[in-house]
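As structure tokens, the structure follows; a few thoughts come after it.
The values are calculated or read from the model by the stated rules, or taken from the named source; none is laboratory data. Values in this document were obtained by computation on a predicted structure and should not be read as measured data. So basically every Cβ, Gly included, is an ideal-geometry build from the backbone, and we count neighbours across all protein chains shown.
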Amino acid sequence: MKPVPWQQPARRRSELGMIVLVLLLTGGLYVLAGLGQGGGLPAHIAPFFALVLALMLAAHVALRRLAPHADPVLLPLAALLNGMGYVFIAGLDSTEASAQATWTAIGIACFIATLAFFPQASNLERYRYTIALVGIGLLVLPLVPHIGEDINGARLWVHIGPLSFQPEEFAKVALGIFFASVLAERADLLSTGTRRIGRWLVLEPRYLAPLLVAWGISLVILLAENDLGSSFLFFTLLVSLLWVATGRWAYLGLGAGLFSLGTVFALDVVHHAQTRVQSWLHPWSHFATSGYQIIEGWFALAAGGMWGLGPGQGNPQVIPEASTDFILASIGEEIGLVGLAALLICYLLIVGSGLRVAVRSQRSFSTLLATGLSLLLGVQVFVVAGGITRLIPITGITLPFVSYGGSSLVSNYILLAILLRISNDNANDSALAAGRELFALGSSAGGEGARAGAGRQTEVVAL
């Protein structure tokens, strides 16, 4: 059922109730973690409650004023993931926890600013080429001398004065907007064969340019920055949107083939990629080096078992990059398989809600953009979980809203704001369509009444 304007207070009241529940859940988890780790209440329990409450209320009030008809589930789910991530980061490193709190505040500020500066999702479409240039510029920024920095074999970081961030986290949102805009405009051209070869109609080669350009960009990222995760993420985003826009399964097959060729080529050239694949295939043979992180993650998950050791009772500090790449293993040690399943269900609900927003949209651009942003979140979770369980090689991608990292947190709050803006636009479009339908019915009824009155007048005159 489509929401209508008078349903707005109920939607926001439901959201506020869920935010209070999130506060209780994360606060309770923070207390349990403090008791398990130090035998007493956390020293900063009051500031923690005050900060979480203030930030979530600020985001809630912004939605009431700027997007009153938006989906009421997305913000509470993101807040729950963000709060859980903070609790486990605080158990690993208090300095990182303080930084994560600061970045959360910045993320909420960017969330509100996105809603305020873009009163409609269609405003983003107008600036697609500017946004694309910004996205590409962010991708190549780590390659600039004296600014880019190589960490753990991948050149992903940028240092400008005291500021340090990963520009590719913001580039993924920018390129998602550009891909959605271009494909919404060219979907018909990309879905219909226009050149005849014998008895077959095939697609004009120049219409395949977006796919080939994306393949080239992902390969350049992989070769120049040694970034397996972003390369896979960007290419998957475009191929998925091509399939959604055109409905042609051939794009999925062609995309998989191109990425496979690029990966095989890169494995012969990029040493970092070779190391990741070797540690994935033979972790025990590289226990003292590249396989150590994977194996320690397994030990943590095995120690957690079904129900976990309890908040604050684990020892995730022995896992390299426990608060970033392997935070899922750190969490699994303390809350077990059941807790991890609940965490993954939260992501499933976010992705499902995002896809529901896409399905309800009446505009091609909004449909593709909501689909792309939802897939970005879903693919990131799959890559992180797949790397820890050795389904795929480790890529270094962070877990959205949970992992430590300001760039990831801020970019995901911007992504969330765009999804909520599209959701609000959908409700407004539905209300406008309903109003037009009622007006048309009223006009039709009025016209029939006028014609009936004229007929009766004619009869009287005849008599």
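Quick look at the numbers
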| quantity | calculated |
| --- | --- |
| Qualifying residues in the range 119-159 (those that are under 21 Å from the mean Cα position of the chain (by Cα) and closer than 27 Å to Ser290 by Cα) - the one surrounded by the fewest Cβ atoms within 10 Å (Cβ to Cβ) | Trp157 |
| Selection from the range 341-363 of residues that are free of Cβ contacts under 8 Å to residues at least 24 places away in the same chain and within 26 Å of Gly396 (Cβ to Cβ) | Ala341, Ala342, Ile345, Leu348 |
| The range 406-417, subset over 10 Å from the mean Cα position of the chain (by Cα) and surrounded by fewer than 24 Cβ atoms within 10 Å (Cβ to Cβ), residue modelled with the highest pLDDT | Val410 |
| Test: Pro400 is modelled with pLDDT of 95 or more, buried (at least 20 other Cβ atoms within 10 Å of the Cβ) and not acidic (Asp, Glu) | yes |
| Residues within the range 143-183 that are of a type in the set (Gly, Ala, Ser), under 19 Å from Leu409 (Cβ atoms) and in contact with a strand residue (DSSP E or B) (Cβ under 9 Å, 6 or more places away or on another chain), tallied | 1 |
| Residue match in the range 59-67 (condition: under 25 Å from Leu419 (Cβ atoms), basic (Lys, Arg) and assigned to a helix (DSSP H, G or I)) | yes |
| Residues within the range 314-332 that are crowded, with 23+ Cβ neighbours inside 10 Å and of a type in the set (Asp, Glu), tallied | 1 |
| Hey, Leu189 at pLDDT below 70, part of a helix (DSSP H, G or I) and either over 23 Å from Tyr413 (Cβ atoms) or in contact with a strand residue (DSSP E or B) (Cβ under 8 Å, 6 or more places away or on another chain) (or both) or not | no |
| Ile331 being within 23 Å of the chain's Cα centre (by Cα) and not in a loop (DSSP other than H, G, I, E, B) | yes |
| Any chance Leu419 is part of a helix (DSSP H, G or I) and touching a residue at least 24 places away in the same chain (Cβ under 8 Å) | yes |
| Of all residues in the range 302-313 being part of a loop (DSSP other than H, G, I, E, B) and free of Cβ contacts under 8 Å to residues at least 40 places away in the same chain, the one that is surrounded by the most Cβ atoms within 10 Å (Cβ to Cβ) | Gly308 |
| Scan of the range 251-270 for residues that are among the charged types (D, E, K, R) and within 17 Å of Leu233 (Cβ to Cβ), ordered by number | none |
| Hits in the range 345-364 (condition: touching a Leu at 6+ places or on another chain (Cβ under 9 Å) and at pLDDT 95 or above) | Cys346, Tyr347, Leu349, Ile350, Val351, Ser353, Gly354, Leu355, Val357, Ala358 |
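Per-residue answers, yes or no, for (1) modelled with pLDDT under 80; (2) part of a loop (DSSP other than H, G, I, E, B):
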residue	(1), (2)
Leu138	no, no
His146	no, yes
Leu156	yes, no
Ala209	yes, no
